[in-house]
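Okay, structure first, notes after.
The values are calculated or read from the model by the stated rules, or taken from the named source; none is laboratory data. All of these numbers come straight from a predicted model, not from anything done at the bench. Here Cβ is always computed from backbone atoms with ideal geometry, including for glycine, and neighbour counts include all displayed protein chains. Just the protein is used for accessible areas: all its heavy atoms, side chains included, with ligands, DNA and RNA removed. Shrake-Rupley method; radii C 1.70, N 1.55, O 1.52, S 1.80 Å.
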Amino acid sequence: MPKIKAHWQILIALILAAVVGFILQETLPGAGEEPNLANSVLSVCRFVGELFLSALKMVIVPLVVASIVLGVGSLGTMEGFGRLGLKTVSFYACSSLIAILIGLTVVNTLKPGLEDGEPNARIAKMIEDQKGEEDAATAEKVRGAKERGLTDVLDIFKRMIPVNVISAAAQGQMLGLIFFSILFGAAMTRMTTTDRTVMVDFFSGLNDIMITITHWVMWFAPVGVFGLVTPVVASAGIEVFGTMAKYFLVVLLALGLHFLVALPLLLKFVGRVNPFRHYMAMRAALLTAFSTASSSATLPITMRCVRDEAGVSRRVSSFVLPLGATVNMDGTALYECVAVIFVSQVLGWDLPFTQQFLVVLLALLTSIGVAGIPSASLVAIVIILGSVGFSEAETVAAMAVLLTVDRFLDMCRTAVNVFSDSCGAVVIARTEGEEGVLAARRKE
Ligand code: ASP
């Protein structure tokens, strides 16, 4: 039997999940009614989805450590590392800034928070109602972030130097882990050639093992994706969508402009790579990012696509991609900016230029620090709203309203985040003179 390619399998699973999700939504019991078969099916889906997500996450810590240590340690000289690091940071900073400026332009032009030039009264009322009956789950998330010490931008960066690297790994604090791995790799370049070879061989083996496990996990991707997406579709609130439709569409438009115009232009003119071929190469990773809403969980698949399909060397991808999955989030940065300006429009607060500049700066900084997990932008938006002067009650209420349409937007911005990382890898590989990227193009 001919083998169906991974991206087709995932796409079919997504379509099936949409169909089954809609059917389940129709058959779910109303409030106060006894749970029925639809509830049981959804529980099974959630269970399967969580297993798949955990299996992907399981690979991340050893994969990130092994590939960064290998990436930095096998560069041989600190000079090589410095050049690659500078290119990576510059590309990621530029692409995130472009994303934020697209978001800023679109939200200021289309003004989704206004209706006939006035703050949208229906959304303002939703926020006002939330203030009265504070949604416990949202409040908990917002305060939870505060309790974990995330009250401002600096807190996010304090985690860069972990007190205990093992507990940073256990808690999935990627920024700390990456910092430690870079130091470890850099220290390796100072060893004698014999000792360094032993270490490089070890981490190279570890890296290969993680990639093999990722292949195994991917066999279950269709089932996992079905399990993750069906409950999302089944619980999508159509009524809320009516009120928030303009906001929803504005976010999609801005993300679409970045994904379909800005990034391909960077690929074409900076990387001199055919953007269409690159979309094709990244299909499996994009669909997985969309389904999981987590760029960290997608990292193993992103690495596989960038190496095997786009033809980027291990030397470049080992360093650029794990870093990108943690610090480069174009979709997230764009979304944070649109969300904050939207809330200020709804609450009748016309943010002056200086405040908008602050929003841009904070969106850039917080997108570097937030984790690549579902709804991670929430923490960043809370921080930005607080910094531009909204009260805690307003912030919590606004977050509850934004969350009503968050999941689908999260799925889309995560796909943009992952695509931008992969563009970074391809462009940097080309500037390093890698012919492999072109070879992959010719082969197709
Ligand atoms: N879910 C996003 C990611 O993992 C982060 C976010 O925007 O919430 O990349």
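Can you tell me which residue is nearest to the ligand (Cβ to nearest atom) among those in the stretch 328-349 that are over 16 Å from Asp406 (Cα atoms) and not β-branched (Val, Ile, Thr)? Applying the filter and picking the extreme gives Met329.
Per the listing Leu63, Leu53, Leu84, the residue uniquely crowded, with 23+ Cβ neighbours inside 10 Å and not in a loop (DSSP other than H, G, I, E, B) is Leu63.
When you look at Arg407, is it open to solvent by 50 Å² or more (accessible area, probe 1.4 Å), within 12 Å of the ligand (Cβ to nearest atom), at negative phi and not aromatic (Phe, Trp, Tyr), yes or no? First the steps, then the outcome.
Working: open to solvent by 50 Å² or more (accessible area, probe 1.4 Å): yes; within 12 Å of the ligand (Cβ to nearest atom): yes; at negative phi: yes; not aromatic (Phe, Trp, Tyr): yes.
Considered against the rule, which asks whether it is open to solvent by 50 Å² or more (accessible area, probe 1.4 Å), within 12 Å of the ligand (Cβ to nearest atom), at negative phi and not aromatic (Phe, Trp, Tyr), Arg407 comes out as yes.
Might you let me know whether the stretch 3-14 holds any residue that is without any contact (Cβ under 8 Å) to a residue 24 or more places away in the chain and either assigned to a helix (DSSP H, G or I) or under 19 Å from Leu177 (Cβ atoms) (or both)? Scanning the stretch 3-14 turns up at least one residue that is without any contact (Cβ under 8 Å) to a residue 24 or more places away in the chain and either assigned to a helix (DSSP H, G or I) or under 19 Å from Leu177 (Cβ atoms) (or both).
The set of residues from the stretch 381-400 being over 25 Å from Phe157 (Cα atoms) and surrounded by fewer than 24 Cβ atoms within 10 Å (Cβ to Cβ) comprises Ala393, Glu394, Ala400. Taking the stretch 174-198 as the range and being free of Cβ contacts under 8 Å to residues at least 24 places away in the same chain and hydroxyl-bearing (Ser, Thr, Tyr) as the test, the residues that pass are Thr192, Thr193, Thr194, Thr197. The residues listed here are Gly372, Gly389, Gly348; of these, the one that is closer than 26 Å to Arg307 by Cβ and among the small types (Gly, Ala, Ser) is Gly372.
Check off (1) open to solvent by 10 Å² or more (accessible area, probe 1.4 Å); (2) in a helix (DSSP H, G or I); (3) more than 9 Å from the ligand (Cβ to nearest atom) for Leu378 and give me the number that stays unchecked. Of everything listed in (1) open to solvent by 10 Å² or more (accessible area, probe 1.4 Å); (2) in a helix (DSSP H, G or I); (3) more than 9 Å from the ligand (Cβ to nearest atom), Leu378 misses just condition (3).
Where residues in the stretch 363-375 are surrounded by 24 or more Cβ atoms within 10 Å (Cβ to Cβ) and of a type in the set (Ser, Thr, Tyr), which of them is farthest from the ligand (Cβ to nearest atom)? Looking at the filtered set, the residue picked out is Thr366. Within the stretch 107-148, if we keep just the residues that are touching a Ser or Thr at 6+ places or on another chain (Cβ under 9 Å) and of a type in the set (A, V, I, L, M, F, W, C), the residue that is modelled with the highest pLDDT turns out to be Ile123. Could you look through the stretch 174-205, keep only residues that are open to solvent by 70 Å² or more (accessible area, probe 1.4 Å) and charged (D, E, K, R), and pick out the one that is nearest to the chain's Cα centre (by Cα)? That would be Asp201. Selection within the stretch 350-362: residues that are open to solvent by 30 Å² or more (accessible area, probe 1.4 Å) and aliphatic (A, V, I, L, M). The member of this set that is nearest to the ligand (Cβ to nearest atom) is Leu361.
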